[in-house]
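**Student:** Quick one: the structure is below, and I'll ask about it shortly.
The values are calculated or read from the model by the stated rules, or taken from the named source; none is laboratory data. Treat the numbers as computed from the prediction; the structure is a model and nothing was measured. Here the Cβ positions follow ideal geometry from the backbone for every residue, glycine too, while neighbour counts run over all protein chains shown. Note: accessible area is taken over every heavy atom of the protein model, side chains too, but ligands, DNA and RNA are not part of it. Shrake-Rupley method; radii C 1.70, N 1.55, O 1.52, S 1.80 Å.
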Amino acid sequence: MTVKIAVAQGGAFKALGPGPFPSHLLVATQRRSAVTRADVSWDRPLPNSRDPLVGAFSARERSGARNLAVPISRGWLRAACGGGRWSHRPAGPVMLLARLSGPAAAALRRGIATSAQSNAKVAVLGASGGIGQPLSLLLKNSPLVSNLNLYDIAHTPGVAADLSHIETRANVKGFIGSEQLPDCLKGCEVVVIPAGVPRKPGMTRDDLFNTNATIVANLTTACAKHCPEAMICIIANPVNSTIPITSEIFKKHGVYNPNRIFGVTTLDIVRANTFVAELKGLDPARVNVPVIGGHAGKTIIPLISQCTPKVEFPQDQLETLTGRIQEAGTEVVKAKAGAGSATLSMAYAGARFVFSVLDAMNGKEGVIECSFVRSEETECPYFSTPLLLGKNGIEKNLGIGKISPYEEKMIAEAMAELKASIKKGEEFAKSMK
């Protein structure tokens, strides 16, 4: 069986994958709270549909010798197949989420909307770059986004025109140059900033500081003026410094809300999940390794002891794995031999984080992502830990949790570098006129 997802609205289901629809699902309705097994059968195709997999389905409950009709088009429905998870919202389309597998599973889970109407306006600043273009493509492909504003200093009209031909609901507009930036940001609820120069072989993230710090400062100044209540998601490196810069800029304009400013460290989690899965022969979509601390070198601290599912490594293998996660960005820079840094994987990770933010803003519960944010969890004023996201940004910082002595040592060794990077960012922002 290869079909993995179906979404429903008013009784019409769309299978978003090849192959036959699952023969049975676990079903619960508003009137019948107990989870029961039900047969799902094809009824008829919908008229005027270009997609042969779109049609009306019906379910019939199996209860001993009885077959009771379950009206899918009415009430609430929750369903899962083959070990999937529950997903439903009381008012709007229903989502049937079967067991997902494969590397794209996490993105698919986050990219499919479960709410009746999601009208998020998202801006990508730096949309013409190596990260910005694939990131914009992923955002355009999501029903969570209704308006996608793309900004850069060059080429954005062409990128926007290209993306606008894709048959998804997001309306795409391109903006170019500083004079158009205010219009780009007006009314935006989420702003993603991948703008900046990439690393080249031999460069550290800190080598990017002078150029990228100025870019981020100018862009976040515009955000503070034109969309002060937006969720600000910073990808531009060095994140350990660009987040303090963003915070100080927002403070200067009297609109600072630490619950809405995020340093996107998701790529560290994505890499940790992938590398652990490779070593243990697991499905990477089902592995979750929290990565805390910062987003550079030894400040990247994977908590293998908290991995789900639980895994164990000999100390020498654990140290090698940790080192690979910490230097994975350099691995890509070297492999590209001067042609760039991690762009495609960073775009995927950035999109995953934005989808989580949008899900939480839409009222989805239990959305957790790690991010580099203002924090009181350690002696550092900024620190990445798992965060429970909500409608207004950070709902709760879940903290570090129980860790191993090896992980405690890594945190202690990262403190000096983290503090220095944070101070450097704060002083840069304060020196700006």
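**Student:** Identify, by number, the condition in (1) at pLDDT 95 or above; (2) buried (at least 17 other Cβ atoms within 10 Å of the Cβ) that ALA105 doesn't meet.
**Tutor:** Going through (1) at pLDDT 95 or above; (2) buried (at least 17 other Cβ atoms within 10 Å of the Cβ) one by one, ALA105 breaks only (1).
**Student:** Could we say that GLY393 is without any contact (Cβ under 8 Å) to a residue 24 or more places away in the chain, within 30 Å of LYS140 (Cβ to Cβ) and under 15 Å from the mean Cα position of the chain (by Cα) here?
**Tutor:** The answer is no for GLY393.
**Student:** If you don't mind, there's one more thing I want to ask. Filter region 248-271 down to the residues that are of a type outside the set (Phe, Trp, Tyr), over 16 Å from the mean Cα position of the chain (by Cα) and open to solvent by 10 Å² or more (accessible area, probe 1.4 Å) and list them by number.
**Tutor:** Matches in region 248-271: GLU248, LYS251, LYS252, HIS253, GLY254, VAL255, ASN257, PRO258, ASN259.
**Student:** Out of all the residues in region 138-153, which are surrounded by fewer than 23 Cβ atoms within 10 Å (Cβ to Cβ) and in contact (Cβ under 8 Å) with a residue 60 or more places away in the chain?
**Tutor:** Across region 138-153, the qualifying residue is only LEU138.
**Student:** While we're here: Restricting to region 240-299, what's the tally of residues that are in contact with an Asp or Glu (Cβ under 6 Å, 6 or more places away or on another chain) and either of a type in the set (Ser, Thr, Tyr) or modelled with pLDDT under 95 (or both)?
**Tutor:** 1
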